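Q: Sharing a structure below in structure tokens format, with a few things to ask.
The values are calculated or read from the model by the stated rules, or taken from the named source; none is laboratory data. It should be emphasised that the depicted structure is a prediction, and the values quoted were computed from it without experimental measurement. Reconstructed Cβ throughout: ideal geometry from the backbone, glycine too, with neighbour counts over all protein chains shown.
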Amino acid sequence: MSESSLASEKNAYGIGPGGRPVGEAWSRSPVYAENGMAATAHPLASQVAIDVLKQGGSAVDAAIAANAAIGLMEPTGNGIGGDLFAIVWDPETEQLYGLNASGRSPLGMSYDDLIERLDGANRLPPFGSLPVSVPGTVDGWFELHDRFGSLSMEDVLAPAIQYAEDGFPVSPVIGYYFGRNLARFEQSLDMIEEFDNARATYFKDDAPREGEIFRNPDLGETYRKIAKGGRDAFYKGEIAKAMDAYMKRIDGTLRYEDFAQHTSEWVEVGCVGYRDGVDICELPPNGQGFAALQMANILKNIDLAKWPRGSAEVLHYITEAKRLAFEDVAKFYADPDFADIPVEWLLSDDYGRERFALIDPDKAMTMPKPGEPKLEGEGDTTYLTVTDKNGMMVSLIQSNYRGMGSGLVPDGLGFMLQDRGELFSLDPDHPNVYAPGKRPFHTIIPAFLMKDGKPWLSFGLMGGAMQPQGHIQIMVNLVDYGMNVQEAGDAARLNHDGGSTPTGTGTDLLGTLNVEAGVPAETVERLKAMGHNVKVVENGVIFGGYQAIMRDPETGVYVGATEMRKDGNAIGY
């Protein structure tokens, strides 16, 4: 981008564009369509979703088809070895539905067993069998399909099966992440009980490169078994038995019983009002979605629009709201089946005002603390959203957690198991402490905006702890600064890293305020003077990846966007 072009972006919003891990950085026009739309992190997956919609599939059918394709095409961020969360707007009942399809820890490994296996380590490792929890994605697919699907699962999974067998060209950013993940695995082989399967599946000679044709016939065969045998094929049939045998072979702890007993959960979507008739909606814990709602409740107490979007004041307030919300995340958020989480209090307007009052407009907090209930609880991911001609809107996020996951690929199955269990705490007094059959704290969160009581935006922004603060930045860009849905994602972001964590390991309460290169230099200097530890980051890796589809409430026309930090696009028809 030329200097003059960059300057014009700053003149428009007071903030420049964000960055990409590879290639040039520039914005694009939003995509408009009337009958349906898909926005995913891979162009071929977006096309798969559109093809399914044209066959008469619902938005849920198309989302599952795209997710299956993405699990093949972007295994650096997701796959059926991981977990899934979704929010669905159903036009027939005019209601939002939330699905938590996250898996649980091994039933046969107690806390004491885990401590013994850790052999003195103070947290779970990022690789190997100990952080592996039951993969929830496939059960999530079938829960969604049983409720909202139109086509057969054979039809829904057919495109991904064909691509797995025939192959597809690796796209630039995914090729970049393949290389990063292989390097990380090579440095951590001592943690991984068995890496030959992963090497044979993904890294035959080296990390797949941009433009290289990649095939995964083992995954194609696994998809065929799921399409034919349904969820039982994965959790009780041949696939479950293969995972059980693999875990026994490498002395892992998951067993057939863990897969057979797995269930997803339909949950109530939580929403809070922001301003101008806009409500932001998220899923409850064990995920971190309600952190975004807490941030919204704090920020609605200040009119951000009186400053330019790229000003130190705006970035300061967003950062401080994040820091306050995440202290509560660290203290309270956990599996609600095991912890009493004071959700009503955390999301109340009164508590939002109380937390806002703690923010010094001129100085960063040195020691933010969680609230006390007044009562009488970097990761890699893919996000996608799909809409259909009937008005159904699907916001879906799916992940293996850190990098590609644990490094473990069960024999002959073609997918890597997640390492989500790394996010358990080992503090026996913490609500997120490890326990058998428990869901760990989760980072992946789909999002939704309602406007004047009508569905407005299905969106998400992947990337570990970046997600709640990313959701808020998108909403602020749209609501407070009038950006279009594409500009809202392309504008430079902040990502505050630090503070307390749900694993009990966070000690740097000030943390680091990472900002993209498009943030003005004078803003960076002002933030430093306010006491923030600011780091300008040229590479867009840590700032997540955004997809969104907006619905015009008057015409029903869809407006879609993806962003330059990933390979994907929005396609409509």
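Listed here are the residues, each with its yes/no results for (1) buried (at least 23 other Cβ atoms within 10 Å of the Cβ); (2) closer than 19 Å to LEU384 by Cα; (3) touching a Leu at 6+ places or on another chain (Cβ under 7 Å).
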{"residue": "SER458", "(1), (2), (3)": "yes, yes, no"}
{"residue": "MET475", "(1), (2), (3)": "yes, yes, yes"}
{"residue": "ASP508", "(1), (2), (3)": "no, no, no"}
{"residue": "ALA517", "(1), (2), (3)": "no, no, no"}
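Q: Could you check the range 26-68 and list, in sequence order, the residues that are outside any loop (DSSP other than H, G, I, E, B) and within 21 Å of SER264 (Cβ to Cβ)?
A: ALA59, VAL60, ASP61, ALA62, ALA63, ILE64, ALA65, ALA66, ASN67, ALA68
Q: Can you name the number of the only condition in (1) modelled with pLDDT under 95; (2) farther than 27 Å from ASP567 by Cβ that PHE543 fails?
A: So the condition that PHE543 fails would be (2).
Q: Tell me, yes or no, whether the range 59-67 has at least one residue that is over 13 Å from THR562 (Cβ atoms), touching a helix residue (DSSP H, G or I) at 6+ places or on another chain (Cβ under 8 Å) and surrounded by fewer than 24 Cβ atoms within 10 Å (Cβ to Cβ). Before the answer, list the steps.
A: First, pick out the residues of the range 59-67 that are over 13 Å from THR562 (Cβ atoms): 59-65, 67.
If we keep only those that are touching a helix residue (DSSP H, G or I) at 6+ places or on another chain (Cβ under 8 Å) as well, we get 59-65, 67.
Cutting the leftovers down to surrounded by fewer than 24 Cβ atoms within 10 Å (Cβ to Cβ) gives us none.
Looking for residues that are over 13 Å from THR562 (Cβ atoms), touching a helix residue (DSSP H, G or I) at 6+ places or on another chain (Cβ under 8 Å) and surrounded by fewer than 24 Cβ atoms within 10 Å (Cβ to Cβ), one finds none in the range 59-67, hence no.
Q: Further question: Is one or more of the residues making up the range 89-107 more than 28 Å from GLU268 (Cβ to Cβ) and either modelled with pLDDT under 95 or not aromatic (Phe, Trp, Tyr) (or both)?
A: Checking the range 89-107: at least one residue is more than 28 Å from GLU268 (Cβ to Cβ) and either modelled with pLDDT under 95 or not aromatic (Phe, Trp, Tyr) (or both).
Q: Continuing with the same structure: LYS306 - would you say it is within 27 Å of THR512 (Cβ to Cβ), surrounded by fewer than 19 Cβ atoms within 10 Å (Cβ to Cβ) and of a type outside the set (A, V, I, L, M)?
A: Answer is no for this residue.
Q: For the range 340-347, state whether one or more residues are at pLDDT 95 or above and either outside any helix (DSSP H, G or I) or out of contact with any Gly (no Cβ under 8 Å at 6 or more places or on another chain) (or both). Before the answer, list the steps.
A: Filtering the range 340-347 for residues at pLDDT 95 or above gives none.
Taking every residue of the range 340-347 in turn, none turns out to be at pLDDT 95 or above and either outside any helix (DSSP H, G or I) or out of contact with any Gly (no Cβ under 8 Å at 6 or more places or on another chain) (or both).
Q: Quick check: is even one residue across the range 422-436 more than 27 Å from GLY556 (Cβ to Cβ), part of a helix (DSSP H, G or I) and not β-branched (Val, Ile, Thr)?
A: Yes, there is a match, as at least one residue in the range 422-436 is more than 27 Å from GLY556 (Cβ to Cβ), part of a helix (DSSP H, G or I) and not β-branched (Val, Ile, Thr).
Q: Still on this structure: Kindly indicate whether any position in the range 401-417 is within 26 Å of LEU114 (Cβ to Cβ), modelled with pLDDT of 95 or more, in contact with a Phe, Trp or Tyr (Cβ under 6 Å, 6 or more places away or on another chain) and surrounded by fewer than 24 Cβ atoms within 10 Å (Cβ to Cβ).
A: yes
Q: In this structure, is ASP232 part of a helix (DSSP H, G or I) and of a type outside the set (S, T, N, Q)? Even if it seems obvious, please write down each step before you answer.
A: On the way: part of a helix (DSSP H, G or I): yes; of a type outside the set (S, T, N, Q): yes.
Spelling it out, ASP232 is indeed part of a helix (DSSP H, G or I) and of a type outside the set (S, T, N, Q).
Q: Quick one: in the range 156-184, of everything that is among the aromatic types (Phe, Trp, Tyr) and modelled with pLDDT under 95, which residue is farthest from the chain's Cα centre (by Cα)? Walk me through it before giving the result.
A: Restricting attention to the range 156-184, the residues satisfying the condition of being among the aromatic types (Phe, Trp, Tyr) are 163, 168, 176-178.
Now narrow it down to the ones that are modelled with pLDDT under 95: 176-177.
Working: TYR176: 19, TYR177: 16 Å.
Looking at the filtered set, the residue picked out is TYR176.
Q: Could you check the range 157-198 and list, in sequence order, the residues that are among the aliphatic types (A, V, I, L, M) and touching a Gly at 6+ places or on another chain (Cβ under 6 Å)?
A: ILE161, ALA164, MET191, ILE192, ALA198
Q: Now for a separate question. Consider TRP345 carefully, then state whether it is surrounded by fewer than 23 Cβ atoms within 10 Å (Cβ to Cβ), of a type in the set (Phe, Trp, Tyr) and touching an Asp or Glu at 6+ places or on another chain (Cβ under 8 Å). So that I can check it myself, show each step before the final result.
A: Details: surrounded by fewer than 23 Cβ atoms within 10 Å (Cβ to Cβ): yes; of a type in the set (Phe, Trp, Tyr): yes; touching an Asp or Glu at 6+ places or on another chain (Cβ under 8 Å): no.
Here the answer is no, as TRP345 does not meet what is asked.
Q: Now, a different point. So which residues in the range 459-475 are among the aliphatic types (A, V, I, L, M), within 19 Å of GLU320 (Cβ to Cβ) and touching a helix residue (DSSP H, G or I) at 6+ places or on another chain (Cβ under 6 Å)?
A: Matches in the range 459-475: ILE472, ILE474.
Q: Quick one: is GLU193 assigned to a helix (DSSP H, G or I) and either surrounded by 18 or more Cβ atoms within 10 Å (Cβ to Cβ) or over 26 Å from the mean Cα position of the chain (by Cα) (or both)?
A: Taking the combined requirement at face value, the residue does not satisfy it.
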